[in-house]
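One structure below.
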Amino acid sequence: MKNKKLIDFKVFFNGIWKENPILFLMLGLCPLLAISSSTSDSIGMGIAFTFILICSNVIISSIRKFVPNQVRIPVFIVIIAVFVTITDYTIGAYLPQLQKNLGVFLPLIVVNCIVLGRAEAFASKNNIFNSLLDGIGMGLGFTFIIVLMAIIREGIGNGTIAGKIIFGKNYKPFLIMILPPGAFLVLGFLIAFKNSLDRRKKC
Amino acid sequence: MKKKEIIGGIIVLFLITSLSGFLLAQVYKVTSPKIEEQKKLEQERLNKEIFPEGVKFELSFYPSPLKGEGKGEGEKRSFFIVYDKNNNEIGKIFDTKSLGYGGDIFIRVGFDNNWKIKGIKILQHNETPGLGAQIVTKEWFLKQFENLVEKDIYLKKDNPEGKIDGITGATISSRAVTEGVRKLLEEVKNEK
């Protein structure tokens, strides 16, 4: 995907809805399913993820002309790993509870398909500014969906949102929403919803 | 791959990896003292919740009953000696683990000087949210253990003399915690 324009704001909106990384590209589902049972963890994950995506997109885009084709994948992964590690150490130093809750899924961002995918499909083929916009758009698109899913799953499955009780003390939680099947159910409905909206637009 | 491409690739990879390594070393230097501090604070917080009057928690060691545990300088397990503000020893805190439904449950138990349980904290677990995880969310469960002696530490359904009510729908997790605590008591009571 190459952009002829120097600065193309459509790239930003693309990542948020039209080509949303979760609902459309269907990448990076692993951390999504695992973390979306808690709203506060999802917000943390979304912010960390967006930061890493933006940094890696910008750096990879700025060196794209110097990287020989045969070594591009190791180069991308090293660069992504640097930012993931910086994020991991920083969260560990200042927000240790979040690091504990995210567990292995924070380091796993190194091989997250959204980050690697955007590096390969966009950042390595477009200028720095558009790559920055793509990073912000895709990052916000991911954050939007993971937080939305968390609000639904935690709300219905636990009666709370970010730990605050919302349905009153006598609410009997619909437990399956907090467990893995609930994650797949909510995701399936969200994808179906987006597809139905897209279909209507076409007609 | 042409020779020029190979050399180009080697140079680029070398530059990027060395730069990355250098950058990460700097970040590590800055954050690692903070990370150590967080770990210490977390330990303090947990210990203070078990012994609110505790002022100093001294790390100590006892020989491990298991052969081959620990590295090198002898098999030792760690525990804390608790002192109050007058420097009197008011108890001891031990860690143990017990096999629950979703893996090991790591438990921290505080004992007073008569080996009665002062308090319990679950450090880490992998029990099912909403079911086994209630051993953490339902505060009354862990509170039951306070002031018990060895013969009380059984689930009521496992032993008529037991004083512990399991959590409905979380029997395996409840039993794991109960058994773990009692086995720990049996083990350390004989040591000291």
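Residues in the stretch B:136-178 that are under 21 Å from the mean Cα position of the chain (by Cα) and of a type in the set (A, V, I, L, M) were compared, and the one that is most open to solvent (accessible area, probe 1.4 Å) is B:172. When B:110, B:102, B:21, B:70 are checked against the criterion of being modelled with pLDDT of 90 or more and surrounded by 14 or more Cβ atoms within 10 Å (Cβ to Cβ), a single residue qualifies: B:110.
Each row is one residue, and each column tells you yes or no for (1) more than 30 Å from residue A:197 (Cβ to Cβ); (2) small (Gly, Ala, Ser); (3) within 11 Å of another protein chain (Cβ to nearest Cβ); (4) out of contact with any strand residue (DSSP E or B) (no Cβ under 6 Å at 6 or more places or on another chain).
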{"residue": "A:40", "(1), (2), (3), (4)": "no, yes, no, yes"}
{"residue": "A:45", "(1), (2), (3), (4)": "no, no, no, yes"}
{"residue": "A:78", "(1), (2), (3), (4)": "yes, no, yes, yes"}
{"residue": "A:83", "(1), (2), (3), (4)": "yes, no, yes, yes"}
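Go through the stretch B:22-37 and count every residue that is under 24 Å from residue A:62 (Cβ atoms) and either among the aliphatic types (A, V, I, L, M) or within 9 Å of chain A (Cβ to nearest Cβ) (or both). Number satisfying all stated conditions: 4. Of everything in the stretch B:11-21, what is among the hydrophobic types (A, V, I, L, M, F, W, C) and either touching a strand residue (DSSP E or B) at 6+ places or on another chain (Cβ under 7 Å) or at the interface with chain A (Cβ under 8 Å from one of its Cβ atoms) (or both)? Give them in sequence order. Answer for the stretch B:11-21, where residues must be among the hydrophobic types (A, V, I, L, M, F, W, C) and either touching a strand residue (DSSP E or B) at 6+ places or on another chain (Cβ under 7 Å) or at the interface with chain A (Cβ under 8 Å from one of its Cβ atoms) (or both): B:12, B:13, B:16.
Scanning the stretch A:64-74 turns up no residue that is within 24 Å of residue B:31 (Cβ to Cβ), in contact (Cβ under 8 Å) with a residue 12 or more places away in the chain and surrounded by fewer than 21 Cβ atoms within 10 Å (Cβ to Cβ).
What are the residues in the stretch A:147-201 that are more than 17 Å from residue A:34 (Cα to Cα), within 12 Å of chain B (Cβ to nearest Cβ) and surrounded by 12 or more Cβ atoms within 10 Å (Cβ to Cβ), if any? Answer for the stretch A:147-201, where residues must be more than 17 Å from residue A:34 (Cα to Cα), within 12 Å of chain B (Cβ to nearest Cβ) and surrounded by 12 or more Cβ atoms within 10 Å (Cβ to Cβ): A:159, A:160, A:173, A:174. The set of residues from the stretch B:17-63 being over 23 Å from residue B:146 (Cα atoms) and basic (Lys, Arg) comprises B:29, B:34, B:39, B:40. Scanning the stretch A:119-131 for residues that are more than 14 Å from chain B (Cβ to nearest Cβ) and either open to solvent by less than 50 Å² (accessible area, probe 1.4 Å) or not aliphatic (A, V, I, L, M) (or both) gives A:120, A:121, A:122, A:123, A:125, A:126, A:127, A:129, A:130, A:131. The residues on offer are A:108, A:98, A:116, and the sole one that is within 14 Å of another protein chain (Cβ to nearest Cβ) and either under 30 Å from residue A:6 (Cα atoms) or in contact (Cβ under 8 Å) with a residue 24 or more places away in the chain (or both) is A:98.
The residues in the stretch B:114-132 that are away from chain A (no Cβ under 12 Å) and polar (S, T, N, Q) can be counted, and the count is 1.
The values are calculated or read from the model by the stated rules, or taken from the named source; none is laboratory data. Since the structure is predicted, the reported quantities are computational estimates derived from the model, not experimental observations. Quick reminder, even Gly has a Cβ in these numbers, built from the backbone with ideal geometry, and neighbours come from all protein chains shown. Only protein heavy atoms, including side chains, enter the accessible area calculation; ligands, DNA and RNA are left aside. Shrake-Rupley method; radii C 1.70, N 1.55, O 1.52, S 1.80 Å.
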